[in-house]
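K.L.:
Sending over a structure as structure tokens; questions will come in a sec.
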Amino acid sequence: MRTYIALLHSIVLGEGRRVVMSDLKEVAEGLGYERPRTLVATGNLLFEAPVKPLVEIETELERAFEKAFGRHVDIILRFAEDWVRLADGNPFLPESEKDPSNVHVRVMRSPLEIEVQGKLVGYCSRGERVAIVGGDLWIDFAGRASGSKLLGALTTRRLGIGTLRNWNTVRGLRRMAGG
């Protein structure tokens, strides 16, 4: 058995409908995953399951989610120990500690090439900084992310399947993963 962390790209099912975390845990239990637990109500799930390739469990979860909620949602999976390494690789740690809501990581299903970093720099108009570490995209928004032009460039169409998490969430999942 291994501990996995699953990140849902979105938990919004439609106008006024969101996935309740207890329902998400039930989906995991229905797949035979053990000890499902969540962190905050934004689609972060930890569980234990037999060792399988990540893509197999991502597919199982996505299918089960769609069956349960009637909507496809991309789910990105990591082994718990890989999540600890992701958190340890934060290139903007001083900024993260000052204001954890300003630093995010876009966790990618498929690793980004380093060239993507240069392409995103042109969207950094308010002092934002980007760094690709281990194939994931770290962003220091240098303020509120919602006011950044960079946010509009972080699409699945442009970068591939991924999902953003702020530093508070990264730290919280790291604690839950035992790191």
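K.L.:
Using a 1.4 Å probe over the heavy atoms of the protein chains, calculate the carbon and sulfur portion of the accessible area of segment 62-179 as a whole percent.
P.N.:
Using a 1.4 Å probe with all protein chains present, segment 62-179 comes out at 50 percent carbon and sulfur.
K.L.:
Now, a different point. How much mean residue ellipticity at 222 nm does the chain get from its helices, if each DSSP H run of length 4 or more adds -39500 (n - 2.57) and you divide by all residues, to the nearest 500 deg cm²/dmol?
P.N.:
So the calculated ellipticity at 222 nm is -9500 deg cm²/dmol.
K.L.:
For the chain, what is the Kirkwood estimate of the hydrodynamic radius, computed as the reciprocal of the mean inverse distance between distinct Cα atoms, to one decimal in Å?
P.N.:
Answer for the chain: a Kirkwood hydrodynamic radius of 16.7 Å.
K.L.:
Right, next: I need to check one value: relative contact order of the chain, counting alpha carbon pairs closer than 8 Å and at least 6 residues apart, in percent.
P.N.:
24 percent
K.L.:
Once fully extended, how much extra length lies between T59 and M1, figured as 0.36 nm per residue of separation less the alpha-carbon to alpha-carbon distance?
P.N.:
The span from T59 to M1 would gain 19.0 nm if fully extended.
K.L.:
Under 17 Å Cα to Cα from K119, which lysines show up? Leave out anything in the same chain fewer than 8 places away.
P.N.:
Once the sequence-local lysines are set aside, what remains near K119 is K149.
K.L.:
Say each of T156 and H72 gets a label point 7 Å from the Cα, pointing the same way as Cα to Cβ; how far apart are those two points in nm?
P.N.:
Inter-label distance under the simple model: 0.7 nm.
K.L.:
In degrees, nearest 10, range 0 to 90: what is the angle between the Cα axis of helix 21-30 and the longest Cα principal axis of the chain?
P.N.:
Tilt of helix 21-30: around 50 degrees.
K.L.:
Here's a follow-up. Compute the semi-axes of the equivalent ellipsoid of segment 36-103, taking the square root of 5 times each eigenvalue of the Cα gyration tensor, and list them largest first in whole Å.
P.N.:
27, 16, 10
K.L.:
Tabulate in residue order the Karplus-calculated ³J(HN,Hα) for segment 94-104, using 6.51 cos²θ - 1.76 cosθ + 1.60 with θ = phi - 60°, rounded to whole Hz; enter x for Gly and Pro.
P.N.:
Each residue of segment 94-104 in turn: x, 5, 4, 6, 5, 8, x, 7, 8, 10, 10 Hz.
K.L.:
Check L137: other-chain or 5+ apart residues with amide H under 5 Å from its amide H, H built from backbone geometry?
P.N.:
Amide H to amide H, under 5 Å and 5 or more residues apart or across chains, L137 pairs with R106, M108.
K.L.:
Tell me the per residue accessible area of the chain using a 1.4 Å probe; a whole number in Å² is fine.
P.N.:
Computed with neighbouring chains in place, this is 49 Å² per residue.
K.L.:
Angle check, please: helix 167-176 long axis (alpha carbons) against the longest principal axis of the chain (alpha carbons), in degrees 0 to 90, nearest 10.
P.N.:
40 degrees
K.L.:
Using θ = phi - 60° and the Karplus curve 6.51 cos²θ - 1.76 cosθ + 1.60, what whole-Hz ³J(HN,Hα) does each residue of segment 115-127 get, with Gly and Pro shown as x?
P.N.:
4, 4, 4, x, 5, 7, 4, x, 8, 8, 10, 10, x
K.L.:
Could you derive backbone 3J(HN,Hα) for segment 108-114 from the dihedral phi with the Karplus parameters 6.51, -1.76 and 1.60 (θ = phi - 60°), listing whole Hz in sequence and x where the residue is Gly or Pro?
P.N.:
With coefficients 6.51, -1.76 and 1.60, one gets 9, 5, 10, x, 6, 7, 4 Hz.
The values are calculated or read from the model by the stated rules, or taken from the named source; none is laboratory data. Just so it is clear, the model here is predicted, and its values are computed rather than measured. Cβ: placed from backbone, ideal geometry, glycine included. Neighbour counts: every protein chain shown. Areas reflect the complete protein model, heavy atoms only, side chains present, ligands, DNA and RNA absent. Shrake-Rupley method; radii C 1.70, N 1.55, O 1.52, S 1.80 Å.
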